[in-house]
1. So, with +1 on the Cβ of K and R and -1 on the Cβ of D and E, and no other charges, what is the size of the charge dipole of region A:134-189 about its Cα centre, to the nearest 20 debye?
2. Other chains' Cβ within 10 Å of B:21-29 residues: what's the mean?
3. What does the helix-only formula give at 222 nm for chain B: each DSSP H stretch with n ≥ 4 adding -39500 (n - 2.57), the total divided by the residues, and the result rounded to the nearest 500 deg cm²/dmol?
4. Can you give the calculated 222 nm mean residue ellipticity of chain A, where each DSSP H run of n ≥ 4 adds -39,500 (n - 2.57) and the sum is split over every residue, rounded to the nearest 500 deg cm²/dmol?
5. At what distance in angstrom do the alpha carbon centres of region B:146-183 and region A:4-35 lie from each other?
6. Over chain A, calculate the relative contact order: mean separation of alpha carbon pairs under 8 Å at least 6 apart, over the residue count, as a percent.
7. Pop a pseudo-label 7 angstrom from the Cα along the beta-carbon direction at both B:ARG197 and B:ALA61 and give the gap in nm to one decimal.
8. Based on the mean of other beta carbon atoms within 10 Å per residue, what is the order of A:249-262, A:15-28, B:27-40, A:110-123, most packed first?
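Readers should treat all values here as calculations from the given coordinates under stated rules, not as data from a laboratory. Being a predicted model, the structure only gives us computed values, none of them experimental. We place every Cβ from the backbone using ideal geometry, glycine too, and count neighbours over all the protein chains shown.
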Amino acid sequence: MILICGSSLDPVIMFLRACWDSEHLAYRLLDLGCSEGKSAVQVDYRGWPMNGFIDGGDWRLDVTELTGVFFHSIDCRSEKVANNAYAACDAEIAALLNNLPCKVANRPAAGMSNRSKPLQALHIRECGFRIPKTLVTNDPAAAKRFYEECDGKVIFKSIGGVRSIVRKLSPRYLERLPLLRNGPTQFQALIAGDDIRVHVVGDRCFATRIRCSSVDYRFAWEEGFSLEMETTALGGDVTSRCLRLSQKLGLTFAGIDLKENSRGEYYCFEANATPGFSFYESSTCQPISSALGEFLGKP
Amino acid sequence: MRTLLHPFSESTRFSWHLDSTRSSSVIVFKDGTYLTDLDISGVLLRRTKASGAISSRSDDANYIHAEIQAAILAWIWSLPCPVINRVPAWLWYYRKPPLQFWNPLFRTNGLLEPDYDKKVGEARITNQDPPIVCSRACVVNQDVIWSEARPQKIDRYETALIEFTRCAGLSLLEIVIVKTRDGLAVKQLDPFPDLSRFCISSRDAITEALVKLFTDSNRRLGSQ
């Protein structure tokens, strides 16, 4: 039996359930959005294998029955709780997911690396990917120098896990560089080319090529840009590098952000531990949900 | 030796350049002096409530705090010198993880985890003959330094505590243990030890062990 952990109102979970329902896949939903603080987990951690049960109100599941868990906590990514993972993830649930002997996509502890993009960058380059020239600074003069060194082709974005819009460092923003004294920001050389999102499910990869003129394609429509997405093949050993990165970060399910430049070189930006895969699957019809079901459904 | 609250304070300018092959950072202080990553021979990392220069007056305080935490974590991982502790991300962000988080490591190293009573919300030891006697220790690499008296018949467990610390990716860890009939149970863990919780002689021993660890690590790095 598969367990989904998250909110029933989360669009990603709604999408996944619709797919799994159509495939008559057996699963249970532990609705974290409706728990109202009531404990739904009774587990004895002392023994091994651990024993106990999860109570979903109208169902009860022994932990030994679980083949896999899909965990998607959108609350954990909000700015409000960026520094206090427990506030939203619930210590009890996080402890359970980190200890379950079955497959978990993903264990909360494994997802923590995504809260520091430069930390992930260090792991990323160890897996053989290029990373863009990056500057993390609270020094306006250093940011200005970096801008000039990169011929004005620079983007900036958040360092941590808080979702931010990637923006080009235009002259308008240069005027605001003194605000860096309030706190650091991450600047990167702009890499021209197609965005590629790779979803890793176990040892399978699904790659989507995104063609868009916007610096941050996720907000293309809001900014008046068009967006094209299609299934794509990955060149060279990019697939094995993606698998190596997921494994290194302890992620069984990941959304890896790449960019391929005109020379066919791949740059890697980050590996999302709670990827919004429904956005890509609904456009390309790649069977990501099915692959997740297959992966988590097998012991 | 220099104590730095964090590299992003009002009095410092921090720049860290990173690309596919290189990493270099510099902290420039208010008086014009500076510290590059190569000037740093070792870091003892402590938990601080990092904030930006004017974050207390800013509506974005939470955001800035998260950004600083993310930058510090990555930067300490980028440093070529010994860092005690170069904490993994989950331990950096989970400020006080419940003991269950460590269960796989407890099991691997033959340690017992205490029963967790959710109603009370605190650790409690079961199957224990009263009175419960807790012992506090600090693991520094290969050394276990006890506060007050070293418990009796603890030899084989010291090896387990050292191995547990190593498996967690740490070289410094404060541990409170309880000897039960079934073995050694862990009651508290802190990767950012508070030396004030140790007796004076233990504090000295911990400090000496830390100095030795930094010195030995640098000697090893130098010979590579």
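1. Result for region A:134-189 is approximately 260 debye, rounded to the nearest 20.
2. On the way: counts 3, 2, 5, 0, 2, 3, 1, 3, 0.
Mean shielding count: 2.
3. Helix contribution divided over all residues of chain B: -9500 deg cm²/dmol.
4. -7500 deg cm²/dmol
5. 43 Å
6. 19 percent
7. 2.7 nm
8. The densest-packed peptide leads the list: A:110-123, A:249-262, A:15-28, B:27-40.
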